[in-house]
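Each remark here refers to the structure printed beneath this line.
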Ligand code: BTN
């Protein structure tokens, strides 16, 4: 892709008009020895995967469906914040092209006007040769770009860039800018294998910050004020009785008390 001027991220790009899932494609390419930074982009997916086993609707001609291959040397328990590094990179790229108060709903949804614009699904594969080592990580990104409407069941919580900014947005340009920011942010992440060097920037985009949120905890829901993430990417909240509690993304969901954000 001629717009990408990076050393690693997006240096090898594979494009499919149709595929099942770009995350699955990266898995196959990784096993064939593809290098870190390989990017798969598709115009449509027949089996787009969302988080928590959900489907990611992936029609042609309007969205970005892409997956990036990483081969991190860190321990597997350090991988989940990489999703937040990508969320930060997506929001920086969008804000550069179309500045409009885009932000992040913790941990990794990019949101505007209370609606979701981008979802990220990170998957990790362990090495068969050395126990406890990562073979590869796939960071899959779906950005709603040029849709003009959404099916009824998601229209209250989903939006697209075109709906928000009032004109079509060039998908190639946006992909290139996401790769640009991800390369730089990931380099900062790799220094400490956490978000220490990025959390201030991330918290600047965090829409839940200093807002009352509802924590959907399997042990019982409660309300609290969101404070911001720490270096591991966990969300610090202050409960209504004044205690500071860390919320783990894998275990709970967070909602605004008046809606999705
Ligand atoms: C979410 O549920 O919020 C995450 C959605 C991630 C969708 C993207 S689209 C490109 C990549 N390929 C997939 O199958 N899923 C991710």
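Structural remarks
- Scope the range 12-36; condition farther than 21 Å from residue 49 by Cβ, more than 20 Å from the chain's Cα centre (by Cα) and surrounded by 15 or more Cβ atoms within 10 Å (Cβ to Cβ); matching residues: 12
Table: residues versus (1) out of contact with any helix residue (DSSP H, G or I) (no Cβ under 8 Å at 6 or more places or on another chain); (2) more than 13 Å from the ligand (Cβ to nearest atom).
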site	(1), (2)
6	no, yes
9	no, yes
17	yes, yes
30	yes, yes
40	no, no
51	yes, no
79	yes, yes
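- Among the candidates 139, 110, residue that is in contact with a helix residue (DSSP H, G or I) (Cβ under 6 Å, 6 or more places away or on another chain), assigned to a strand (DSSP E or B) and more than 9 Å from the ligand (Cβ to nearest atom): 110
- Remark: pairs (first residue in the range 56-83, touching a residue at least 24 places away in the same chain (Cβ under 8 Å) and on the phi > 0 side of the Ramachandran plot; second residue within 14 Å of the ligand (Cβ to nearest atom) and not in a loop (DSSP other than H, G, I, E, B); Cβ separation under 9 Å; 6+ apart in sequence or on different chains) = 61/43; 61/44.
- Any hit, the range 66-75, residues being within 25 Å of residue 170 (Cα to Cα), more than 14 Å from the ligand (Cβ to nearest atom) and over 14 Å from the mean Cα position of the chain (by Cα): no
- Any hit, the range 74-86, residues being closer than 13 Å to residue 205 by Cβ, out of contact with any strand residue (DSSP E or B) (no Cβ under 6 Å at 6 or more places or on another chain) and at pLDDT 95 or above: yes
- Qualifying residue in the range 88-99 (condition: more than 9 Å from the ligand (Cβ to nearest atom) and modelled with pLDDT under 95): yes
- Residue match in the range 121-135 (condition: surrounded by fewer than 22 Cβ atoms within 10 Å (Cβ to Cβ), within 15 Å of the ligand (Cβ to nearest atom), closer than 17 Å to residue 234 by Cβ and touching a residue at least 60 places away in the same chain (Cβ under 8 Å)): no
- First in the range 238-261 and modelled with pLDDT of 75 or more, second anywhere and exposed (fewer than 13 other Cβ atoms within 10 Å of the Cβ), Cβ under 6 Å, 6 or more apart: 238/244
The values are calculated or read from the model by the stated rules, or taken from the named source; none is laboratory data. Values in this document were obtained by computation on a predicted structure and should not be read as measured data. All Cβ positions, even for glycine, are placed from backbone atoms using ideal geometry, and neighbour counts span all protein chains on display.
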